[in-house]
1. Picking from Ile112, Ile99, Ile82, which residue would you name as being over 26 Å from Gly181 (Cα atoms), β-branched (Val, Ile, Thr) and either at pLDDT 85 or above or open to solvent by 10 Å² or more (accessible area, probe 1.4 Å) (or both)?
2. For the range 85-96, which residues satisfy the criterion of being open to solvent by 10 Å² or more (accessible area, probe 1.4 Å) and at pLDDT 85 or above?
3. Take the conditions open to solvent by 20 Å² or more (accessible area, probe 1.4 Å), acidic (Asp, Glu) and either modelled with pLDDT of 80 or more or part of a helix (DSSP H, G or I) (or both) and apply them to Glu128. Does it pass?
4. Output the residue which, of all residues in the range 17-51 that are farther than 20 Å from Val72 by Cβ and charged (D, E, K, R), is most open to solvent (accessible area, probe 1.4 Å).
5. Within 13 Å of Val27 (Cα to Cα) and either touching a residue at least 24 places away in the same chain (Cβ under 8 Å) or loosely packed, with under 14 Cβ neighbours inside 10 Å (or both): is that true of Phe104 in this structure?
6. For residues that are of a type outside the set (A, V, I, L, M) and open to solvent by 50 Å² or more (accessible area, probe 1.4 Å), scanning just the range 52-79, find the one that is nearest to Phe132 (Cα to Cα).
7. Just give me the residues in the range 1-12 being surrounded by fewer than 14 Cβ atoms within 10 Å (Cβ to Cβ), of a type in the set (S, T, N, Q) and either at pLDDT 90 or above or not in a helix (DSSP H, G or I) (or both), in sequence order.
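The values are calculated or read from the model by the stated rules, or taken from the named source; none is laboratory data. It should be emphasised that the depicted structure is a prediction, and the values quoted were computed from it without experimental measurement. As a convention, Cβ positions derive from the backbone with ideal geometry for all residues, glycine included, and neighbour counts pool all protein chains shown. Remember, those area values only see protein heavy atoms, side chains included, never the ligands or the DNA or RNA. Shrake-Rupley method; radii C 1.70, N 1.55, O 1.52, S 1.80 Å.
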Amino acid sequence: MGQFQLYFQLGIQHILDIKGFDHILFVVALCAIYITRDWKKILILVTAFTIGHSITLALATLKLVKVDSAWVEFLIPTTIAITAVSNIFKPKPSSGRGIQINYFFALFFGLIHGLGFSNYLRSLLGKEASLFEPLLAFNLGLEVGQLVIVAIFMVVSGILVGIVGINRKDWALVISSIVLGMAIMMMIDTKFW
């Protein structure tokens with residue numbers, strides 16, 4: 001049980017690490033257009049991101065997929081910027097029953113984000129006999145960490161939109177614009193150039 005707890009905690013720390021705030025920005029960008037009553041949609045988004053992240057994290061950790069880290073470091077803020085721009089052009093979720101583009105962003109962009117941590121996780125795993133338990137524990141920790149971010153963001157959003165009376169669309173536009181600006185700065189700072 002000690003190994004499971006170790007990797008579970010590592011997953012939580014990975015997502016909540018302020019120094020590597022790219023995941024936090026991405027989760028906030030995904031949630032910016034939603035309000036508390038949309039909790040089911042938000043849960044689907046977070047889980048879709050975790051699934052995408054888990055797939056490439058596992059594939060890269062097992063050395064089945066290898067992508068140049070300079071590309072990954074550039075693509076991660078690019079995914080954040082694309083999500084934020086999408087929110088700016090469509091600051092409210094569709095009311096229809098079809099699959100929303102944010103679900104696609106969460107899953108597909110989660111694949112890219114999973115590549116970003118694979119080298120570090122691979123070095124931590126070293127010569128582990130089985131990778132299944134550490135990967136499962138890490139990804140469950142990642143999911144819990146994302147839910148913490150979502151909960152904090154939704155409480156703040158609920159207070160500002162629901163109680164203070166800030167316009168929902170304005171809130172989504174401001175949050176998405178801030179996230180976009182930060183993502184652009186991260187893109188410029190990458191070693192890709």
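1. Values: Ile112 fails: over 26 Å from Gly181 (Cα atoms); Ile82 fails: over 26 Å from Gly181 (Cα atoms).
Exactly one of Ile112, Ile99, Ile82 is over 26 Å from Gly181 (Cα atoms), β-branched (Val, Ile, Thr) and either at pLDDT 85 or above or open to solvent by 10 Å² or more (accessible area, probe 1.4 Å) (or both), namely Ile99.
2. Quick first cut of the range 85-96, residues open to solvent by 10 Å² or more (accessible area, probe 1.4 Å) only: 85-86, 88-96.
Selection gives Val85, Ser86, Ile88, Phe89, Lys90.
3. Details: open to solvent by 20 Å² or more (accessible area, probe 1.4 Å): yes; acidic (Asp, Glu): yes; either modelled with pLDDT of 80 or more or part of a helix (DSSP H, G or I) (or both): no.
Criteria not met by Glu128.
4. Of everything passing the filter in the range 17-51, Arg37 is most open to solvent (accessible area, probe 1.4 Å).
5. Values: within 13 Å of Val27 (Cα to Cα): no; either touching a residue at least 24 places away in the same chain (Cβ under 8 Å) or loosely packed, with under 14 Cβ neighbours inside 10 Å (or both): yes.
No: the conditions fail for Phe104.
6. Initially, the range 52-79 is screened for residues of a type outside the set (A, V, I, L, M), giving 52-54, 56, 61, 63, 66, 68-69, 71, 73-74, 77-79.
So of that shortlist, the ones also open to solvent by 50 Å² or more (accessible area, probe 1.4 Å) come out as 63, 66, 68-69, 71, 73.
Values: Lys63: 14, Lys66: 19, Asp68: 24, Ser69: 24, Trp71: 27, Glu73: 26 Å.
Looking at residues that are of a type outside the set (A, V, I, L, M) and open to solvent by 50 Å² or more (accessible area, probe 1.4 Å), I get Lys63.
7. Residues of the range 1-12 that are surrounded by fewer than 14 Cβ atoms within 10 Å (Cβ to Cβ), as a first pass: 1-3, 5.
Filter once more, keeping what is of a type in the set (S, T, N, Q): 3, 5.
Matches in the range 1-12: Gln5 only.
Let's see how each residue does on (1) within 14 Å of the chain's Cα centre (by Cα); (2) open to solvent by 50 Å² or more (accessible area, probe 1.4 Å); (3) farther than 19 Å from His23 by Cβ:
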site: Glu133; (1), (2), (3): no, yes, yes
site: Leu136; (1), (2), (3): no, yes, no
site: Glu143; (1), (2), (3): yes, no, no
site: Ile166; (1), (2), (3): no, yes, yes
site: Asp170; (1), (2), (3): no, yes, yes
site: Ser177; (1), (2), (3): no, yes, yes
